[in-house]
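The block underneath contains the structure these notes are about, expressed in structure tokens.
The values are calculated or read from the model by the stated rules, or taken from the named source; none is laboratory data. These numbers were taken from a predicted model, which means no experiment stands behind them. Ideal geometry is used to build each Cβ from the backbone, glycine not excepted, and the neighbour counts take in all protein chains shown. Surface areas here come from the heavy atoms of the whole protein model, side chains and all, with no ligands, DNA or RNA. Shrake-Rupley method; radii C 1.70, N 1.55, O 1.52, S 1.80 Å.
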Amino acid sequence: MLINDIDLKDCNAILSNKVISTSSIDIGVEWYKKALIPTYLYKDIKFLNIACKFTFTIKSGVYDDFEKVISKFTVKIDQCKLNFDDIPTFTYKCYLISLGEPQRITPWDWEIDVKWKGYKCTKEESKQFAKSTNGIINNSGNLDTPCRIKVISQVDIIEVTLSGFSKRPIKVKNIKANIPVIIDGEHCSVIEGDSNKFNDVDLLEFPKLRPGENNLSWNNKNITVEVNFKPRWL
């Protein structure tokens, strides 16, 4: 098992047990009198729960040594990504819910229970479009997925409009030649080279891709548009 790409063995630990719940969607529906179709009132997505039991082995058997190890472990698990050896397809993006009290089970071993809530995603995909004003991307996941847009132009451009990534088109102003502008929907940032470019962008929300086919467009064929995303799953 990996936590933030770090093997548990580096923390003198093994995964003793795990339970991953299924995600669900709770939909509120009201069928009013004489109405031909029902009215949908709300849609509540309940993300999956992950419960893991870890066993730490401290060869010295000294509690202070265990405290140092568990301290390093705790720092890594607040907001983290998990990869399980027996589930190679998915990476789990997790947020800590609870951290149990350590239980000493032998003179050398301690157990601790950890619970997270989160979602799963597959490997990052990348699509690039050049010398065109539109493109199609298929998001194989079943959740809206934040994406990262990189725009590169060979000449200075006053303004570019990107459509299909959000409810309202995204406008990027004052694009410099050969300096990439990156609009990052996952980290909610806009960068030009090494500088913050948020003040030159007009957007209602950061870019994302809906499940299924996404029809995208922009108003200048002299730019290269690269889109990176990790399909998300309930």
| field | Answer from Trp218, Trp233 - the residue that is among the aromatic types (Phe, Trp, Tyr) and within 15 Å of Ile170 (Cα to Cα) | value | Trp218
| When Lys46 is evaluated against the numbered criteria (1) in contact (Cβ under 8 Å) with a residue 40 or more places away in the chain; (2) under 17 Å from Tyr119 (Cα atoms), which criterion, by number, is the only one it fails? | (1)
| note | Of the candidates Val75, Val69, the one satisfying the condition of being more than 30 Å from Asn228 (Cα to Cα) and aliphatic (A, V, I, L, M) is Val69
| query | Within segment 42-60, can one find any residue that is at pLDDT 90 or above, surrounded by 11 or more Cβ atoms within 10 Å (Cβ to Cβ) and out of contact with any strand residue (DSSP E or B) (no Cβ under 7 Å at 6 or more places or on another chain)? | reply | yes
| Within segment 14-29, is there a residue that is open to solvent by 60 Å² or more (accessible area, probe 1.4 Å), assigned to a strand (DSSP E or B), in contact (Cβ under 8 Å) with a residue 40 or more places away in the chain and under 20 Å from Trp233 (Cα atoms)? | yes
| query | If you take the residues in segment 63-118 that are in contact with a strand residue (DSSP E or B) (Cβ under 8 Å, 6 or more places away or on another chain), part of a loop (DSSP other than H, G, I, E, B) and free of Cβ contacts under 8 Å to residues at least 24 places away in the same chain, which one is surrounded by the fewest Cβ atoms within 10 Å (Cβ to Cβ)? | reply | Glu101
| said: Would you confirm whether or not segment 119-141 contains a residue that is open to solvent by 30 Å² or more (accessible area, probe 1.4 Å), under 20 Å from the mean Cα position of the chain (by Cα) and farther than 17 Å from Phe229 by Cβ? | reply: no
| note | Selection from segment 119-141 of residues in a strand (DSSP E or B) and over 26 Å from Leu48 (Cα atoms) yields Ser126, Lys127, Gln128, Phe129, Ala130, Asn134, Gly135, Ile136, Ile137
